[in-house]
Amino acid sequence: MDKRITAPLIITILLIAYYLFWLLGCYMMPDMPVAAKLIGGIFPISFIGVSLFILGERIKEINSGEEDDLDKY
């Protein structure tokens with residue numbers, strides 16, 4: 001594995017763990033209505049999806065050799 005991929009991978013893993021903890025906490029509240037649990041669960045799931053998408057984009061960017069977009073300007 002490339003060393004440049006390590007930092008984005010670790011950050012993404014930490015973000016996913018945080019969002020899963022948030023999701024678990026939302027569903028473990030006994031007095032919360034089901035509709036609120038569903039609405040509260042949509043956000044962490046969407047954030048996990050966005051985090052994985054951004055990680056994929058970053059890995060593509062690293063593999064293409066385009067480290068710094070500032071070189072274009």
#### Entry: Long-range neighbours under 6 Å by Cβ, at least six apart or interchain, first residue closer than 25 Å to residue 54 by Cα within the stretch 10-38, second at pLDDT 90 or above and among the aromatic types (Phe, Trp, Tyr)
19/47
### Summary
From the option list 25, 41, single residue qualifying as modelled with pLDDT under 90 and surrounded by 15 or more Cβ atoms within 10 Å (Cβ to Cβ) is 41
### Query
In the list 57, 66, 61, which residue meets the criterion of being modelled with pLDDT under 95 and part of a loop (DSSP other than H, G, I, E, B)?
66
### Summary
Those residues of the stretch 1-16 which are surrounded by 11 or more Cβ atoms within 10 Å (Cβ to Cβ), under 13 Å from the mean Cα position of the chain (by Cα) and not hydroxyl-bearing (Ser, Thr, Tyr) amount to 8, 9, 11, 13, 14, 15, 16
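The values are calculated or read from the model by the stated rules, or taken from the named source; none is laboratory data. These numbers come from a predicted model, not from an experiment. Every residue, glycine as well, gets a Cβ built from its backbone with ideal geometry; the counts of neighbours run over all protein chains shown.
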